[in-house]
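**Student:** Pasting a structure here, questions to come.
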Amino acid sequence: MTTRVIQRCRDLAAISDSDRSISRIYLSPAYLQGLQQTEEWMLQAGMETWIDAVGNVWGRYACKDPQAPTLILGSHLDTVPNAGMFDGILGVMVAIEAVDRLKEQAIELPFHIEVVGLGDEEGVRFDASMLGSRALIGKWEDELLELTDQNAKSLESALEACGLNPQDYASASRVNDNLLGFWEVHMEQGPVLEAEDIPISVVSAIAGARRFKVTIEGQAGHAGTVPMGLRQDALTAASEVVLMIEKTAQQNNNLLATVGHLKVFPSAVNVIPGWVEFTVDIRSDDDALRERVMNLIFHSSEAISMSRGVEIYWSEYHWAPAKQCAPRFRQIFEESIAQQKIHVRTLVSGAGHDAMTVAEITDIGMLFVRCRGGISHHPDEYVSAEDAEIAVNTLVLALEKLAESLQESGVESSKD
Ligand SMILES: [Zn+2]
């Protein structure tokens, strides 16, 4: 079985900056071509379309009442280098298909739907992620335009090269619009749904994260002359800290901690390591829990520093609070899944998503679609046609349920 959603994901995958792999980096020629292709599919689904000043593509499926609020459906169209064909893309294609279904069945809603294909969620080119959704929430500033890629090309000139007007970035903001919310369908990028044999799940929250660079300063020395008891080995101290972090994290549900990068100095076979640097990434959907665990980790790190006679410095370089999905959207998604006789499962998103950014200006809802092996950011990304179909059905049912709930309560906008 293949569906139009999967076929379109495949068609987009064929539009690439590389002839050996899938790559549509923000504002690249292939990225732009992908936008135009997506715009064409939006037109076919009966939407009015445009590309905004920062290179997000939009399609609007308007309802009869011009004063009605707008629900935005979408995800991102950019990819990492050597990508799979579903990360981000799937959510945009599912949304277009859902609108097409509404048009085919002549379903009228008491709100406008806009589908957006966002640029630069991945942050590959300009070392700043979520640029597309950040423009949507009005968080661009002039300084951003000066960001450069590895070829020293500025964001400003990259936008111009795509025929866009960088100075006009504020026009991409939706801050002052009457928004109902933002719904994002995304592949799970993890192994849980496959392991539990469930095609789709509701997302309860997007985990918040803190990231640190940890530096341990010991004393380098000759591997053959300094007795074990007189050493200040930065690497053995780091090992103790790394295992302590793992153990502390394991004692808590809803929390993940990872040391993903470690560097040893001077890094020679016959020298006691005098200096170690490593990173820590800690995530949870519960900010208070994460803070409690961080305090435990700081405390234990202090104790290790004392007992081993080394200095341990923690420097934080990233902090993002958790974002909760709106309970009313979660409920609508749960009902839509249950109606298809599918077990209702709820997951926390450990990965960041565009919805996390958009949550600053409107309520968010998210659905995860099962993928194979939890594989993502890799050519082996796989979502089945059956599961993509279930995602479309869930979205259409959810749109109808949202319409019913608004008609019952009288239309109102979100963020109250
Ligand atoms: Zn993604």
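**Student:** Multiply the residue separation of Glu408 and Ala128 by 0.36 nm, subtract the distance between their alpha-carbon atoms, and state the gained length in nm to one decimal.
**Tutor:** 96.6 nm
**Student:** Using just the alpha carbons, could you tell me how many Å³ per residue the convex hull of the range 208-320 encloses?
**Tutor:** So the per-residue Cα hull volume is 86 Å³.
**Student:** For the Cα atoms of the chain, what angle does the longest principal axis make with the long axis of helix 385-409, in degrees from 0 to 90, nearest 10?
**Tutor:** 70 degrees
**Student:** Only sites in a loop by DSSP and with at most 13 other Cβ atoms within 10 Å count here; which trypsin sites (Lys or Arg not before Pro) in the range 19-126 make the cut?
**Tutor:** Here the trypsin sites (Lys or Arg not before Pro) that fit, given the DSSP loop and packing criteria, are Arg20, Lys64.
**Student:** Between Glu311 and Asp142, how many nm apart are label points set 7 Å from Cα along the C-beta direction?
**Tutor:** With each label point 7 Å from Cα toward Cβ, the separation is 4.0 nm.
**Student:** If you split all Cα-Cα distances of the range 112-194 into 10 Å bins from zero, what percentages do you get per bin, shortest first?
**Tutor:** Values per bin, smallest distances first: 15, 44, 27, 13, 2.
**Student:** Let me ask something else. Under a 10 Å cutoff between Cα atoms, tell me which one of Leu395, Leu347, Leu262 has the largest fluctuation in the Gaussian network model of the chain.
**Tutor:** Leu262
**Student:** Between Ala195 and Gln339, what FRET efficiency comes out of the Förster formula 1/(1 + (r/R0)^6) with R0 = 25 Å and r the beta carbon distance, rounded to 0.05?
**Tutor:** Once the sixth-power term is evaluated, E becomes 0.55.
**Student:** Computing the accessible area with a 1.4 Å probe over protein heavy atoms, can you report the carbon and sulfur percentage for the chain?
**Tutor:** C and S atoms contribute 48 percent here.
**Student:** Note down the relative contact order for the range 208-320 as a percent, whole number, built from C-alpha pairs under 8 angstrom at least six residues apart.
**Tutor:** Over the range 208-320, the number comes to 46 percent.
**Student:** Another question about this same structure. What distance in nm separates the two pseudo spin-label positions at Ser171 and Lys213, each 7 Å out from Cα along the beta-carbon direction?
**Tutor:** Distance between the two pseudo-spin positions: 4.0 nm.
**Student:** Please give me the summed charge of the neighbours of His299: other residues whose Cβ is under 13 Å from its Cβ, Lys and Arg +1, Asp and Glu -1.
**Tutor:** Around His299, the charge tally is -1.
**Student:** Can you list the HN-Hα couplings for the range 114-119, worked out from phi with the Karplus curve (6.51, -1.76, 1.60; θ = phi - 60°), rounded to whole Hz and with x for Gly and Pro?
**Tutor:** Rounded to whole hertz, the list is 10, 9, 10, x, 8, x.
**Student:** Quick one: work out the % antiparallel among DSSP beta bridges in the chain, nearest 5.
**Tutor:** Of the beta bridges lying entirely in the chain, close to 70 percent run antiparallel.
**Student:** Apply the Debye scattering formula to the chain, with a single equal point scatterer on each alpha-carbon and no solvent, then give log10 I(q)/I(0) at q = 0.13 Å⁻¹.
**Tutor:** Listed by q, the Debye log ratios stand at -1.11.
**Student:** For the range 319-395, what's the relative contact order in percent, using C-alpha pairs closer than 8 Å and at least 6 residues apart?
**Tutor:** Here the relative contact order equals 33 percent.
**Student:** May I pose another question? Considering the chain as a Gaussian network with a 10 Å cut-off on Cα pairs, which listed residue, Ser376, Ser133, Ser267, attains the greatest mean-square fluctuation?
**Tutor:** Ser267
**Student:** Also, quick follow-up: Mind checking the per residue accessible area of the range 181-247 for me, 1.4 Å probe, whole number of Å²?
**Tutor:** 40 Å²
**Student:** I would also like to ask the following. Between Ala288 and Ser154, what length comes free when the chain is fully extended (0.36 nm per residue of separation minus the Cα-Cα distance, one decimal in nm)?
**Tutor:** Extending this stretch completely gives an extra 44.4 nm.
The values are calculated or read from the model by the stated rules, or taken from the named source; none is laboratory data. Owing to the predicted nature of the structure, the values given are computational and were not obtained by experimental measurement. Note that we place each Cβ from the backbone using ideal geometry, even for glycine, and neighbour counts take in every protein chain shown. Protein only, heavy atoms only, side chains kept; ligands, DNA and RNA dropped before computing areas. Shrake-Rupley method; radii C 1.70, N 1.55, O 1.52, S 1.80 Å.
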